[in-house]
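Contents: one structure, followed by commentary.
The values are calculated or read from the model by the stated rules, or taken from the named source; none is laboratory data. Everything numeric here is computed off the predicted structure, so don't read it as measured data. All accessible areas refer to the heavy atoms of the entire protein, side chains included, with ligands and DNA or RNA removed. Shrake-Rupley method; radii C 1.70, N 1.55, O 1.52, S 1.80 Å.
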Amino acid sequence: MDILAYVCMGIAFLFVGSRLLLYAIRRKKTPAEQELEELLLDVVNQKQGK
């Protein structure tokens, strides 16, 4: 019975670890604050020009 508990805990640990790794990888791809501000200003200026 104890072995089964350790196996379940190991699987849960691997699942959580993989999710945290994927979150960290995706977070690196988000634009920087300055890039985001420039993008928003470009969008606003395009809509005002129409």
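Please enumerate the residues belonging to the range 1-45 that are small (Gly, Ala, Ser) and not in a helix (DSSP H, G or I).
The one that is small (Gly, Ala, Ser) and not in a helix (DSSP H, G or I): Ala32.
Looking at the range 15-50, which of its residues are open to solvent by 100 Å² or more (accessible area, probe 1.4 Å), under 18 Å from the mean Cα position of the chain (by Cα) and not hydroxyl-bearing (Ser, Thr, Tyr)?
Phe15, Arg19, Leu20, Leu21, Arg26, Arg27, Lys28, Lys29, Glu33, Glu35
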